[in-house]
Structure formats: C-alpha cells, structure tokens
1. What's the number of the condition Ala499 fails, among (1) closer than 26 Å to Tyr397 by Cα; (2) touching a Phe, Trp or Tyr at 6+ places or on another chain (Cβ under 9 Å); (3) open to solvent by 10 Å² or more (accessible area, probe 1.4 Å)?
2. Please find, within the range 378-397, the residue that is most open to solvent (accessible area, probe 1.4 Å) out of those that are farther than 12 Å from Ala547 by Cα and of a type outside the set (A, V, I, L, M).
3. Taking into account only those residues within the range 151-171 that are among the aliphatic types (A, V, I, L, M) and over 25 Å from the mean Cα position of the chain (by Cα), which is surrounded by the most Cβ atoms within 10 Å (Cβ to Cβ)?
4. Which residue is nearest to Ile19 (Cα to Cα), if the candidates are limited to the range 182-207 and must be open to solvent by 10 Å² or more (accessible area, probe 1.4 Å) and part of a helix (DSSP H, G or I)?
5. Could you list all residues from the range 338-377 that are open to solvent by 30 Å² or more (accessible area, probe 1.4 Å) and out of contact with any Gly (no Cβ under 6 Å at 6 or more places or on another chain)?
6. Output the qualifying pairs, or none if there are none: Cβ atoms under 6 angstrom, residues six or more apart or on different chains, first residue in the range 411-432 and buried (at least 19 other Cβ atoms within 10 Å of the Cβ), second residue of a type in the set (Asp, Glu).
7. Working only within the range 52-90, note down all residues that are among the aromatic types (Phe, Trp, Tyr) and either more than 20 Å from His28 (Cα to Cα) or open to solvent by less than 10 Å² (accessible area, probe 1.4 Å) (or both).
8. Here is a check on your reading of the model: is Glu286 at pLDDT below 95 and either in contact with a helix residue (DSSP H, G or I) (Cβ under 9 Å, 6 or more places away or on another chain) or of a type outside the set (Val, Ile, Thr) (or both)?
Amino acid sequence: MLQEHLPIITGKSTYIDDINPKNVAYLHVVRSPIARGIIKSISKPQHALLTLTWDDVKAYMPARLFPDLARTSQVARMPVLADGRVNFVGQPVLAFVVEDRYETEDVAEEVSIDYEELKPIVDVEESLKEEPIHPGLRSNISIDQLLEGGDLSLKNKADVVVRRKIKQHRIVSNPMEPKGIICWWDNDVLNVYVSTQAPFGVRNDLREVLGIPPEKIRVYSPPNVGGGFGNKSGGYPEYVLAAIASLKLGRPIKWIETGSEMLVNTQSLGRGEVSDMKLYATKDGEILGIEGIVIANIGAYDYGLNFFTSLFVARLSNGPYKLKFASIRAMSVFTNTPPMGFYRGAGRPEAALIHETLVEDLAEELGMDPVEIRRKNLVDDNGYLTPLGTRLDPAGYHEVLDKAEKYYRKAKEVYKDKGVSLVVFTEIVRTSPGEGARVEIKNGKIYFSLGLGPHGQAYSSTFKKLASQTLGIDENTIEVVTGSTETVKEGIGSFGSRAGTIGGSAVIAAAKELLKKLGKDSLNGEDLIKYEGVSAEVFYKADDIFAPGAHVAVVDLDKETGFTKVIDYYAVDDVGKVLNKEEIEGQIIGGILQGASQVIIEAMRYDERGIPLCASIADCGVPTSLEAPLKITQEYVEYPSQLLSGSRGVGEAGTTGALPAVFIAFEKAAKKKFNITPIDPWIVV
C-alpha cells in the first residue's frame, strides 16, 4: 500500500466539506424544475441573509472558443443565474445564503418562481430540425466544421465500404465526492478552497467572470479530492455565486453539491454523441479512409470547451491506423439538457468505438481475421501523421497487438460459446502545453510544488520517486505540495491522462535546474543545510503524445433475459515507463469498469418534457460488484515517450479500450449488431 493512501482508507483524510472556517455561511441554489421556459416572476425568500438573481449578477460563464471557430460559430454562453429564460432542468435561477446549512431546504420553500413552460428539445438529431432554443440564433447548431485531409480521390478506388451509425447516451460522471467550495475575501484578495482537478482552471474562470486580476485570486485544493472524472476541471456558477456572496456579506461562504444536484448540474454529464461513419477499403483489406459525421450534444450552452467535442472525436476517429484520407463533418448542437462535461476519456472512448466497430465490420465483410486486418493497417512503431494532421508519436503499437493476440487466441479456444473481441486503440495524452513545478530547499528538506490537483492518483509517491532518482537523495527528504495557485507561477491541471506524465517531467526538469544552479550532479544531507533557501522553477513544455493499447473482452450473454456479464478481460497498454505500478493497475482497472458499464448499464435518460428519468445515482446505472468484470489481467509495454519522465498516461486507457472491446464482444455473443449504448436487455432478446 502506498503511504499517502493510509489516511484515506482509515478515514482520516480531509475533504472540502471537512473544512469549516469560523463564521461561515451557506449558499443554496434554487434550480429550474423545467427543461425550457420563460421566467414570469420570482418571489424571494424572507429568511435569507442574502438573495441573488440575474439582476444582481449579470454575468456569463466562459466559453473558450478558438478564434477561428468563434468567427464561424453560433455561441450561447451560460448565464451564472438564469437571465429570464431557462434551458435545462437544474439550471440555477436564484441563490441565497443562510446561517445554517440545515436551514436551506426550509428557506428554499419560501421561494416562488412562475414559469411559462415551452416545448423542450432533448434529442440531438431532432434538434437539427427544430426551432432554435436560443432567441436570435438561426438554428441549434453551434459548431459545424468539415474536416478533410489526405487523398480524397481514393474514395473512388474502394472495393468495399462498411457503414455504422451509433448513438451514445449521456452518462453521469459520479465521483464519490461531489463538487464543493469555500471562499472568503481578505481585503481585496479572494481566497478559494475548492474540490478540483485544476486550481489554475478555477482561477482563470473566476478571473474572467468576476473581472479581477489573477494575482488577487488564491485557489487551494483540500488535502484530498474524492474523484473527478473530468467533473472538477474548471469553474462553475456556484463558485461565482459564492465569491459574490462572500464579498457582499464579508464572511466565508460554503457550498457543497448534493448527489441529486450533481445529476442535473452543468458538466456532470459526458458522452452523448451520434456518429454515422463509413470506412473505405480494398478487397485485400487495406483501409483507405473514413467519411461521415459526428454530432455532439453539448447541451443548452457553450460552456468551457464542450463545443470542441465533435471536432475532437472526429480527429481521433482515425485510430491507430494508416488511413490515407478523411472527410468528417463535426457538429456541436444545442439541446435542453445540461451543458456537456468531460467524462473520463472525453472523446477518446467514443472515437475508439467508431473506428473499432468499423474495422470489425470490415473484417467480417471481407472474411478476414480481425487480428490480421488490424495488423495490416496498424501504424508503424515510429509513428504516423494522420490525414487530419494529428501526429502519432513513436510507440509500441505492434507490441501491444502481438501480446493481446496471444490472449485472444487462447480466449477463443477456452470460451467457445461466448463473445470474444480484440480491439486496438491509441489514447491521446494531453501533455501540451506543459506543466509548471518549483523546488526549494528549506528546513532540511526539499519541497516540490505543482499547481495540478490530484484526485485519486497518488502523485506524491510518483513525484517523490522521480525527484529522488534525479537528485540522488533519499525520498524521505522530499516533500510534494500540489493543488495550489500560490506555490507556482503557472500550472495547467490533472486531466486528459496528463498529470503523472507531464507533472513528473516538470519535477525532473525542476530538479535538474536546481542541480545546475548549485553546480552539482547530486545532493546529500549536508547540502540540505548548506543551500537553505535555494530554489528553482520551471515550466516544462511538451506536445501531446499517444499511448497505444490492445484489449480483449469476453462476454457471457443470457439470451433469454438479455443480461450480460464480462467474465474475462485482458488489457495490454504501452505505459512508456512504469512510474508507479500500483497506480497504473488501479487506473486501468477503474477505467475498464467505467467503459464496460457504459455498454451494459449506464445512461441518463429524459422524458418528452426534458425531465431526467434518473432520480438518484442508482437509477443512472452505476455498476456494483455484480456488474463488474469477473477477471481482469493486465500487462504493460514500456516504449518510452520523448518526455523527461519517459511515461505515457493511462488514466483514460481502460475506458478507451473497454468501451469498444465490451461492445463488440457483446455483439458477438448476441450474434447481432447494435447501434446504441447502453445495450439494454430488451433490445437483445
């Protein structure tokens, strides 16, 4: 067991709700009960310390459209509090502050809001044909881009074309700990404690909405963050409201999200894409290119980077194959559902499902072995530039396939009456633009500080190990500080499978800079006294890298009930360099569970009025031990990346591989094709 896990498993760690400053007051948000409508009137509560509506706030959450997209897109930013209209169930309409958190529900009953309900649009394909949900827009399309590259004339030389349309239901991120914030003003400086993956992301969003300089916002993460899965990557309306309330009341304000709020809140939901794609190939199995459309349900508003989802999925649909052309229309579309967030994988699993079902269909169409057709088209280990300009760096593409093939062949022999699949993918590791780290010798120890925020990855153990190896000094002399905007000048965050890899590289770079500053090759105990106060800081820059993997799934299907079970699973992943074996194992197994459950059980559904049909976490299909894969075997390939750490992130590898692996194995067990996730029992039998 890793040392930093001890306080967590013994219940002694500190989470955001464990922090209770003196004189704290509590924020409560009143949310829309309808999916679309006009606010006719609002009656404020009588027993609140402070009440906020749109007229008190008049601010919108950031939508970080790239300049070239902004010129051609329709943008609808989300108001911090509803600006006269509501567009999804759960949208914040009014906020108030009370002395005691147990007063909130009683005071909420004093609020009366009159709505004129309008017809909502909850299906993304229907939204393309319906009237705009936002007045002033021409349609419900925010982003509409045609991505093309390569030799498009090869399309006419194809001997065979396979086509697959897949609709992925939205699913809820469901971290064990919901979001939460405590903030207070000290003179003109805003201090923020927040459960987050990215303190600098929270600071940037608050800076933009509140219009105050970044140096006047200090963001800290509590000692432990109980999961994120992308749900805690930036700012939220509640954070803005807490900051405004603290300024007006001159005291600390606390807001802790409830489990039911999380189900309907902004960026709690991921997936939700519809893809309709064709794969072109020759009769001997050479894949020529891909063509089609990816439509992303970004929800009611452009929020953060959610608009980019369709383009991201489209660009990754190439997979790890030597495609020669691509022509994909990417559309991000508004609906009357919560603004889309980034659920673990955030485009990677969706793209893998697209390219792996197409390749599998092609193998069946040509009567070729599914392993051999993948090997024939797999990129070389020295990398590849895809038709849409994505550069796959050198990695162990063929080694992961070779290892997985052995397990696949054996599984086919052992499980003759089950569904068995093999998939290959390459997961983008979002190491760009880099990460910051600072090192300082003080009080007889060496302190490394990073701005990224861990949420279950044991970064401290990993970074101590790398620092120790670089400095040539015992790990016990090293301390790691994470999750603060005050310890480093610049940081990015923990998401996109990046933090262990790029954070570790930043630690190594900072350690090297310290040695250079001291003119030494290594440090000893005496140096920790001699060089008291000496420090160094770096921002280690990097481009994105990729981490290939090959996964095998075995599915047992009860053909009378339509219920299925993953009875065996094998994952081989190129991790670049093993930094922390225990954490690699935990990350991949956890990801596999989430990818498999999207196929088998998970979905957030809505009725015709846009009302969520999930009243609790259990209703959304969160898997238990009964739904989890019975057996998971892991193997690693170490093809070092070009980063200082040599590693390749694996935080999303399990999810990226498991979604297509379990989906295809399910199809083979059922002996029929499916076009939706999850695959509900009633569509199987």
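1. Against the list (1) closer than 26 Å to Tyr397 by Cα; (2) touching a Phe, Trp or Tyr at 6+ places or on another chain (Cβ under 9 Å); (3) open to solvent by 10 Å² or more (accessible area, probe 1.4 Å), Ala499 comes up short only on (3).
2. Ranking the qualifying residues of the range 378-397, first place goes to Arg391.
3. Val162
4. Arg203
5. Those that are open to solvent by 30 Å² or more (accessible area, probe 1.4 Å) and out of contact with any Gly (no Cβ under 6 Å at 6 or more places or on another chain): Glu364, Glu365, Gly367, Asp369, Glu372, Arg375.
6. Qualifying pairs under 6 Å: Lys418/Asp556; Val423/Glu356; Glu427/Glu652; Ile428/Asp544; Arg430/Asp544; Thr431/Asp544.
7. Phe66, Phe88
8. No; evaluated as a whole, the condition is false for this residue.
The values are calculated or read from the model by the stated rules, or taken from the named source; none is laboratory data. Note that the coordinates shown come from a computational prediction; the quantities given were computed from them, not determined experimentally. Methodologically, a virtual Cβ is constructed for each residue, glycine included, from the backbone with ideal geometry; neighbour enumeration extends over all protein chains shown. Heads up: the accessible areas ignore ligands, DNA and RNA and are worked out on the full protein's heavy atoms, side chains in. Shrake-Rupley method; radii C 1.70, N 1.55, O 1.52, S 1.80 Å.
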